[in-house]
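The numbers here are math on the coordinates, done by the rules we state, and not lab data. Bear in mind that the values here come from a model prediction, so they are computed numbers and not experimental data. Cβ atoms come from the backbone with ideal geometry, glycine included; neighbour counts cover every protein chain shown.
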Amino acid sequence: MLARWLNIIAIICVIPYTKGEPRVAIAHLQSLQSVTGQIELTETAKGLHVYGVITGLPPGAYGFHVHELGDVTPDCNLAGRHFNPEGATHGGRESTIRHVGDLGNVLFVNDRAASATVDFEDSVLTLRGQNSILGRSLVLHIHEDDLGLGGNSTSLTTGNSGPRVACGVIGIKSPYEPWSAASSVSPSVLLFITSLTLFTLRWKLL
Ligand SMILES: *[C@@H]1O[C@H](CO)[C@@H](O)[C@H](O)[C@H]1NC(C)=O
Ligand SMILES: [Cu+2]
């Protein structure tokens, strides 16, 4: 009887992991100007898929980063610096040396109203462990990020991308279940440990 219950518990515990639900985070960019946007960040095998649309700026390139704090009210200036847990030098998204939060530029193009589609995968950003950007913020700047190559005194810290125009907190979208800080291992490892523990327990009791 007890063994049967343990089987049932084992199966119930394992279900969420077999589904392997990727974590999805969301950030709604807002500003004192008319810049708005919605960016979704989804775990994939290739890294974090960053996808969304931003509207409200003329065509051009605008610096885009994850900043270290989720304090975005009232004008994005309390959001701290670029998220940089390794103390690296500023770069672009594809640079070897970069802040974790360095995402290069967002390109606004003129199709009817100017808008920018953000769509890339990044293997440095995560939604778990040390490089997790959950609770931090996405910030858009008024100038182009020179990716550290501009030779300005601010190139190596901010890419000389100027004041902040819009920002949003990176929050949980799905799944609903707790995103505990401890679960920095992948679901398949948890699945293995959970089933091993429960099935061993079951054999001992038989
Ligand atoms: C750095 O860039 C700012 C903003 O574009 C500009 O005002 C400043 O003159 C530049 N400084 C240098 C040393 O080039
Ligand atoms: Cu920034």
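Quick rundown of the values:
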quantity: Length added when fully stretched, E94-L69, from 0.36 nm per residue minus Cα-Cα; calculated: 6.7 nm
quantity: Normalised alpha carbon radius of gyration of region 27-156 [divisor 2.2 N^0.38 Å]; calculated: 1.00
quantity: Ranked packing of 23-34, 61-72, most packed first, by mean Cβ within 10 Å; calculated: 61-72, 23-34
quantity: Ordering of 115-123, 131-139 by burial proxy (mean other Cβ atoms within 10 Å per residue, highest first); calculated: 131-139, 115-123
quantity: For region 23-180, size of Cβ-based charge dipole, Lys and Arg +1, Asp and Glu -1, in debye; calculated: 180
quantity: Computed over region 23-180: relative contact order in percent, which uses C-alpha pairs under 8 Å that are six or more apart; calculated: 31
quantity: Pair E86, L107: separation of 7 Å Cα→Cβ label points (nm); calculated: 2.6
quantity: Protection-proxy order for peptides 171-177, 51-57, each taking the mean of Cβ atoms within 10 Å per residue, highest first; calculated: 51-57, 171-177
quantity: Calculated FRET value between N77 and S180, using beta carbons and R₀ = 35 Å, to 0.05; calculated: 0.65
